[in-house]
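The values are calculated or read from the model by the stated rules, or taken from the named source; none is laboratory data. From a predicted model like this one, the values you see are computed outputs, not experimental measurements. The protein model used for the area step is the full one, side chains on, heavy atoms only, and it has no ligands, DNA or RNA in it. Shrake-Rupley method; radii C 1.70, N 1.55, O 1.52, S 1.80 Å.
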Amino acid sequence: MTTPTFFITIIQYIILSSLVGTFVVYTAIAVKRNRDARNQRKQEELNQLIVEKILPQFIDEHSDDEHAALFLDQSVLDELSGMDKRNRQLLIDTLIRLRWHVAGTNALILQKIYVLLGLNEDSLRKIRSKRWSVNVQGLHELTLMDYAISDIDILRFNLSDVSELRSAARSAFMRFSKNEPFRFFDEVRDPLSIWDLIGFFRILDQSNDAAKSNFANWIRYSRNKTVVICCMKLAAHEQSAEAIDSIEGLLNVNDHTLRSHAINALGHLQAVHTQEHLIRIYPNQPIECQCEILFALGVFGTPAAIEFLKDQFLETLDFEIENHAAGILAKLIRKGQLAWQAHNLQNRKQRVLNYYLNEC
């Protein structure tokens with residue numbers, strides 16, 4: 001075989017191999033997509049079946065019967081209990097999704113289904129797993145389905161090296177502890193994230209019987225800055241008046257981030273007695289703190305506070321302060337707490353205030 005013929009043969013083999021390889025790859029992709037599409041259709045059908053079986057169990061929360069019994073159709077339970085492991089997980093996920101949209105008796109119905117089908121045992125096995133990701137999944141399921149577990153089963157996860165597991169354990173402990181649901185703040189050494197705080201708010205909003213906590217001690221003594229900020233926000237959310245003194249003590253700290261959060265919390269807590277102090281320190285504060293002072297004064301809504309807001313809006317040359325004050329004044333005007341005609345202002349100030357007055 002001559003050299004040119006040999007090279008042509010090699011090239012032909014390479015081209016043929018490429019074509020075969022391409023065909024195999026495209027065939028594999030098509031088969032996978034087809035299988036995934038079938039699985040997706042089956043999952044959607046099963047999900048719809050689950051919903052159709054569960055929703056009829058709900059009662060009318062607006063009915064006159066305030067003591068409606070938690071009656072469940074046994075045939076439905078028997079049908080759902082025969083599901084395999086994968087479908088049981090889908091059932092747990094469906095119950096959790098429905099749980100977000102119901103309350104009262106219907107929430108109890110979902111919890112009862114969760115327990116009667118033994119799905120709680122599935123979640124409990126997950127928190128005993130040696131894989132942290134499975135532990136997190138189990139804790140989330142138990143927390144969201146409101147299935148109480150003991151403090152000791154949760155606290156062991158608080159010392160985990162995995163932040164996601166620590167976060168899930170904190171949410172579970174907060175939800176289920178009957179004594180001090182925020183006791184884990186004593187042990188927190190890592191920074192808390194905004195997602196932790198959102199989770200805490202979510203648990204508080206879902207828990208009508210959650211134990212109240214005194215956040216004052218953590219605000220005053222914790223050396224973890226994120227714990228202090230978190231506790232101030234939680235105190236404001238819970239309207240914990242006993243925390244006001246501790247929050248007020250942060251008005252003189254050097255950290256302006258802590259100071260701004262403290263001012264914001266005092267506004268939410270309507271600590272009107274701090275008004276004079278806030279007005280007095282206003283000129284020496286950074287922009288972040290000045291904006292929070294204006295917010296707090298807008299919440300207080302006293303004549304002196306409103307007059308100060310008007311003065312700052314008219315006199316400031318700072319774009320951020322001007323817009324912040326205009327937004328607060330516009331809210332006061334819409335609420336009828338302030339009678340002020342924008343056409344009496346300078347052109348620029350008039351445009352800014354009109355923008356917020358016309359804002360939906």
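Put simply, segment 277-360 fits an ellipsoid with semi-axes of 20, 15, 11 Å; these come from the alpha carbon gyration tensor as the roots of five times its eigenvalues, largest first.
Note on exposure: SER133, SER222 ranked by accessible area (1.4 Å probe, complete protein assembly) read SER133, SER222, with the most exposed listed first. Comparing segment 95-155 with the 2.2 N^0.38 Å rule of thumb, its C-alpha radius of gyration ratio is 1.12 (two decimals). Of all the options GLN337, GLN137, GLN239, the one that moves most in a Gaussian network model of the chain with Cα springs shorter than 10 angstrom is GLN337. By the Stokes-Einstein formula, at 1.002 mPa s and 20 °C, segment 122-185 with its Kirkwood radius over alpha-carbon pairs has D equal to 189 µm²/s. Rolling a 1.4 Å probe across all protein chains gives ASP161 an accessible area of roughly 150 Å². Quick note on the chain: its Rg to Rh ratio, both from C-alpha atoms and Rh being the Kirkwood radius, is 1.16. Its DSSP H runs of at least 4 residues, each contributing -39,500 (n - 2.57), put the calculated 222 nm mean residue ellipticity of the chain at -21500 deg cm²/dmol, to the nearest 500.
How much accessible surface does ILE328 have with a 1.4 Å probe, in Å² rounded to 10? ILE328 exposes around 20 Å² with every protein chain in place.
Sorting TYR221, TYR114 by solvent-accessible area of protein heavy atoms yields TYR221, TYR114, largest first, with a 1.4 Å probe. Solvent exposure of the chain, expressed per residue, is 58 Å² of accessible area, with all protein chains present and a 1.4 angstrom probe. Residue pairs exceeding 23 angstrom between C-alpha atoms, taken from LYS42/LYS112; LYS53/LYS85; LYS310/LYS349: LYS42/LYS112. Using C-alpha pairs below 8 Å separated by at least 6 residues, the relative contact order for segment 281-359 is 25 percent. Within segment 71-134, what whole-number % of the accessible surface is contributed by carbon and sulfur, with the 1.4 Å probe and all protein chains included in the calculation? Reported share for carbon and sulfur atoms: 55 percent. Share of carbon and sulfur in the accessible area of segment 137-284 stands at 49%, probe radius 1.4 Å.
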